[in-house]
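Everything on this sheet refers to the single structure shown next.
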Amino acid sequence: MDATRTPPTDDGAPPGDGTPPGRRPRVMVLFGGRSGEHAISCATAGGVLRAIDRDRYDVVAVGITSDGRWVLADDDADHWAIRDGRLPRVEDTATHVLLPQGTTDREVQVLRDGVLGAPLGAVDVVFPLLHGPFGEDGTLQGMLELADVRYVGSGVLASAVGMDKHMMKLVLAGSGLAVGPFRVLPPGREPDAATLDAVVADLGLPLFVKPARAGSSLGISRVDDKADLADAIAAARVHDPKVIVEAALFGREVECGVLGGRSGAPPRASLPGEIVVTDARHSFYDFEAKYLDEAGVTLSCPADLPDDVVARVQDVAVRAFEAVGCEGLARVDVFVTPDGEVVVNEINTMPGFTPYSMYPRMWAVSGLDYASLVDELVGLALERPTGLR
């Protein structure tokens, strides 16, 4: 598959991106954050820092600590790798980073020990590799919009809808896409016995209990016995006071990557991939299976599916991308049922992006390697206008 690229100018910058002549576009790789997916964001950043073309772009690594401080970070990819079960973290330093303070300003400032130092320089595009709330959910995107700074990925509304599984399912179903049965348990209400009975009566067993606004399988439980439902809800509420309960969907768990189109062209879908959990210790694709026990999972890229099913999965993925209003990239997760129906499980507007993650692997088998994928995403962001669009 050929991913069309905008040709660079003589100085290495794609035309029309607002970069002053004579210098390369500067990319801020932003990661970490306040959510429970902090470490996964750091690992994702390590992959991007390793792959991004330093001859084509100037790169600035900025981490956000767990309490929300922006710090100038080590741009050595090895520093952010997951090794021997050790999860990387952004630590606070005396070097804090301030975004531009107005729409006519592109200068990023640095505070060292509370004293304003020399400007870090203008930033042309932010690559926000944050997962979960306070980064992937439209909050960070809103701050960048206020500063009129270009960034990779979806805007405020699509990011917020994609993060909230309740709102996402409503939007997808309203656009005519198939989604599985679900119930929402809103914040501030402890479900009584009658509510738990009604959930099981509506959805059956087994079912899955999830934080409505979290990712990386954090806080998710599979419930096979009604007696375990209350504990599963409490586990989900550690991550989010809003909880969604989903009926189990039986079929093949398939994912598809989507990339935005260049210059008004339609979005592009990758070849699908399939997740098969092979270790009996994992009853589903949970956090440990994703990041700490790779041997217990088989990721098949491309998925061994008939051509007509591949086409249906790709069509549904693009329709989901457009229904939510995504930009740049998304991963769409579906179930292919035994009778061939494609049911959307969820859409992820900033999917895991390590070289071993499913999203880049699907694009690699579709003809776009990891480094080229990073370049394409930065190019899409540089091409996109700021403000309302």
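The values are calculated or read from the model by the stated rules, or taken from the named source; none is laboratory data. Just so it is clear, the structure is predicted and the values come from calculations on it, not from any experiment. Here Cβ is always computed from backbone atoms with ideal geometry, including for glycine, and neighbour counts include all displayed protein chains.
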Query raised in the report: Under the condition of being assigned to a loop (DSSP other than H, G, I, E, B) and of a type in the set (S, T, N, Q), which residue from region 93-122 is surrounded by the most Cβ atoms within 10 Å (Cβ to Cβ)?
Result: 93
Query raised in the report: Name the pairs whose Cβ atoms lie under 8 Å apart, with the first residue in region 294-312 and under 13 Å from residue 252 (Cβ atoms), the second modelled with pLDDT under 95 and of a type in the set (Ser, Thr, Tyr), and 6 or more positions between them or separate chains?
Result: 298/278
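Consider residue 134 carefully, then state whether it is in contact (Cβ under 8 Å) with a residue 40 or more places away in the chain, at positive phi and either in contact with a helix residue (DSSP H, G or I) (Cβ under 9 Å, 6 or more places away or on another chain) or in the same structural domain as residue 345 (by TED's automatic domain parsing) (or both).
On the way: in contact (Cβ under 8 Å) with a residue 40 or more places away in the chain: yes; at positive phi: yes; either in contact with a helix residue (DSSP H, G or I) (Cβ under 9 Å, 6 or more places away or on another chain) or in the same structural domain as residue 345 (by TED's automatic domain parsing) (or both): yes.
Here the answer is yes, as residue 134 does meet what is asked.
Just give me the residues in region 28-48 being farther than 23 Å from residue 361 by Cα and either at pLDDT 95 or above or not polar (S, T, N, Q) (or both), in sequence order.
Taking region 28-48 first, the residues farther than 23 Å from residue 361 by Cα are 28, 33-36.
Correct list: 28, 33, 34, 36.
Do you know which residues across region 138-150 are part of a loop (DSSP other than H, G, I, E, B) and charged (D, E, K, R)? Working first, answer last.
From region 138-150, those part of a loop (DSSP other than H, G, I, E, B) are 138, 147-149; that's our starting set.
Scanning region 138-150 gives a single hit, 148.
Can you say whether residue 66 is modelled with pLDDT under 95, farther than 18 Å from residue 109 by Cβ and outside the structural domain of residue 238 (by TED's automatic domain parsing), as far as the supplied structure shows? Walk me through it before giving the result.
On the way: modelled with pLDDT under 95: no; farther than 18 Å from residue 109 by Cβ: yes; outside the structural domain of residue 238 (by TED's automatic domain parsing): yes.
The answer is no for residue 66.
Please count how many residues of region 319-334 are part of a strand (DSSP E or B) and buried (at least 24 other Cβ atoms within 10 Å of the Cβ). Working first, answer last.
Quick first cut of region 319-334, residues part of a strand (DSSP E or B) only: 329-334.
Going one step further and asking which of them are buried (at least 24 other Cβ atoms within 10 Å of the Cβ), we end up with 329-332, 334.
Qualifying residue count for the region: 5.
May I ask you to list the residues in region 41-69 that are in a strand (DSSP E or B) and crowded, with 22+ Cβ neighbours inside 10 Å?
Step one: filter region 41-69 for residues in a strand (DSSP E or B), giving 58-64.
Selection gives 61, 62, 63, 64.
Where in region 151-217 are there helices (runs of 4 or more DSSP H), lying wholly inside it, with at least 2 residues that are touching a Cys at 6+ places or on another chain (Cβ under 8 Å) and either under 16 Å from residue 227 (Cβ atoms) or in contact (Cβ under 8 Å) with a residue 40 or more places away in the chain (or both)? Break it down into steps so the answer makes sense when it comes.
Working: elements: 156-163, 165-174, 193-203.
Correct list: 156-163.
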Requested in this report: Report, by residue number, each residue of region 336-353 that is among the hydroxyl-bearing types (Ser, Thr, Tyr) and surrounded by 23 or more Cβ atoms within 10 Å (Cβ to Cβ).
Outcome: 349
Query - Subset of region 199-232 (residues that are surrounded by fewer than 21 Cβ atoms within 10 Å (Cβ to Cβ), of a type outside the set (Gly, Ala, Ser) and closer than 18 Å to residue 166 by Cβ) - result: 202, 203
Query - Residue count, region 123-137 (criterion: in a loop (DSSP other than H, G, I, E, B), closer than 30 Å to residue 219 by Cα and of a type in the set (Val, Ile, Thr)) - result: 0
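So, in region 218-231, how many residues would count as being in a loop (DSSP other than H, G, I, E, B) and closer than 18 Å to residue 200 by Cβ?
Keep residues of region 218-231 that are in a loop (DSSP other than H, G, I, E, B), which gives 218-220, 224-225.
Imposing the further condition that a residue be closer than 18 Å to residue 200 by Cβ reduces the set to 220, 224-225.
Within region 218-231, residues that are in a loop (DSSP other than H, G, I, E, B) and closer than 18 Å to residue 200 by Cβ number 3.
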Query - Matching residues in region 23-33 - criterion: being touching a Phe, Trp or Tyr at 6+ places or on another chain (Cβ under 8 Å) and more than 16 Å from residue 144 (Cβ to Cβ) - result: 24
